[in-house]
Each structure stands twice: as C-alpha cells, then as structure tokens.
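Laboratory data are not the source of any read-out in this text; all were calculated from the coordinates shown. Here the structure is a predicted model, which means the values were calculated and not measured. Positions of Cβ are generated from backbone atoms using ideal geometry, with glycine treated the same way; all protein chains shown enter the neighbour counts.
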Amino acid sequence: GAVVSQHPSWVICKSGTSVKIECRSLDFQATTMFWYRQFPKQSLMLMATSNEGSKATYEQGVEKDKFLINHASLTLSTLTVTSAHPEDSSFYICSARGGWVRGTNEQFFGPGTRLTVL
Amino acid sequence: DAKTTQPTSMDCAEGRAANLPCNHSTISGNEYVYWYRQIHSQGPQYIIHGLKNNETNEMASLIITEDRKSSTLILPHATLRDTAVYYCIVRASSNTGKLIFGQGTTLQVKP
C-alpha cells in the first residue's frame, strides 16, 4: 500500500508552452498533497501544499500564477507549469498524506517527473 | 520546524552497519524526528520516525538521545542498494506539519 504515482515520468517541451503533471495516490485517499522541486545536486524544495477541495498554499517565492495546482479529488492533484522557460527545467516530485496508512500518517512520495524546457 | 545538521557524506563497507548522525538541538517537545532517503533520480522513501523512544522497523533503527538533541539512524547490514542521500527532518506532529528537506548525508556503500 501507500503508492503514489506521477505522470509523465519525463517531459520535454518548447519554451512558452504549458505542461501538466499528474500525481495520484493509488491505494489511499490523500487529504493533503505536496509539490516539491529539485534542481541537480540540490535538495528538495517545497513549492506548495494542497488540501482536497481547497486552494493551494504556496511557499514564499513560488509564483502561484506560474505553478497552478489543482487538488480536485482525494486521489489526484495536478501541477501545471504555465509558459515554461528553460529555468523551469527541474525534477518535480509530489507527495501525499491522508489518514493512517500502514500504521502511519506519513507522506509518501511519487517517483518524480523530469521536466526539460528547450 | 527545527533545523537539523548532518554530515555531508559518509562511506560504509558492504555488510557493515551504517550509522548516520543528526543534530537537532533546537527541537521542541511536539516535534518528531523523521528519516527519508532518496536514491538517485527517484522520489524520497520513508524510513522511520520517532518522538523520544528508540524505534526499529524492517529497514532501520532510530536511536534518539535522552535530551532529544540528536539522533542516529542505523542500517544494520548495509548493501550497495542502500547508497543514497539520507535526510533527517524534524516536523511538528500536527496534520499541517510540512517536511522541509535539508542537504542530507550522501551515504556511499562500498563493496
């Protein structure tokens, strides 16, 4: 149990286009989902926290109009990178938390999505 | 959330125990110590967490000092597949608590 998937696993797009990344909790209901970004040789940086049915809470310095987050159901959250530019190229990782799964209410992470903007 | 301090890197021989230290001297009473690891180009994997008692599961043991200002993650018999970045994170127990990642310790298990 406690499986989180992401789709796609990697994506290459042209500068100026928008890219949508999906995060799904496969075997539990995620009341809270988190989005992180990771640049090469750096640690994970929390971008935003989203609760099902509510607007996402963004960390300081993260542009909410550029990184659109939707958490419309208890098993799906999406991150849309709008008007992507090369500096948005990164590894995007989601995590999910909800209730008690495997005896813990911890966050479980997806495998990540590698975004490359040309 | 309290800040943690970990060594940048460590080596361990395959089959031996890997002991990864973490300092969290400003931890407060309602904060737990969590350990995650990230194998290259994958999402982080939950290992273990604890409040004040030592904890053990199928992956590792967590030893927390009595004053809770530091802890040690122990991988009893390290394998090559345990090579990863290990993150020690302190987080409040509330449902709104966030996992904030530091730089972690890069553990290299060598044959």
>> Looking at the protein assembly as shown only, what percent of DSSP beta bridges run antiparallel? Nearest 5 please.
In response: 90 percent
> Where both residues lie in chain A, what percent of DSSP beta bridges are antiparallel, nearest 5?
Replying inline: 90 percent
> Among the Cys residues of chain A, which have no other cysteine Cβ under 4.7 angstrom away?
Replying inline: A:Cys13
> Measuring from the lowest to the highest alpha carbon on each principal axis, how far does chain B reach, largest first, in angstroms?
Replying inline: 40, 29, 24
> Can you give the three extents of the C-alpha atoms in chain A along their principal axes, from longest to shortest, in whole Å?
Replying inline: 43, 26, 22
> Quick one: putting +1 on the C-beta of Lys and Arg, -1 on the C-beta of Asp and Glu, what dipole do you get for the stretch A:1-106 around its Cα centre, in Debye to the nearest 20?
Replying inline: 80 debye
> Roughly how big is the protein assembly as shown's charge dipole about its Cα centre, with Cβ charges of +1 (Lys, Arg) and -1 (Asp, Glu), in debye to the nearest 20?
Replying inline: 240 debye
>> With 10 angstrom as the radius, rank A:Ser89, A:Ser54, B:Ser71, A:Ser73 by how many other C-beta atoms surround their C-beta, starting from the fewest.
In response: A:Ser54, A:Ser73, A:Ser89, B:Ser71
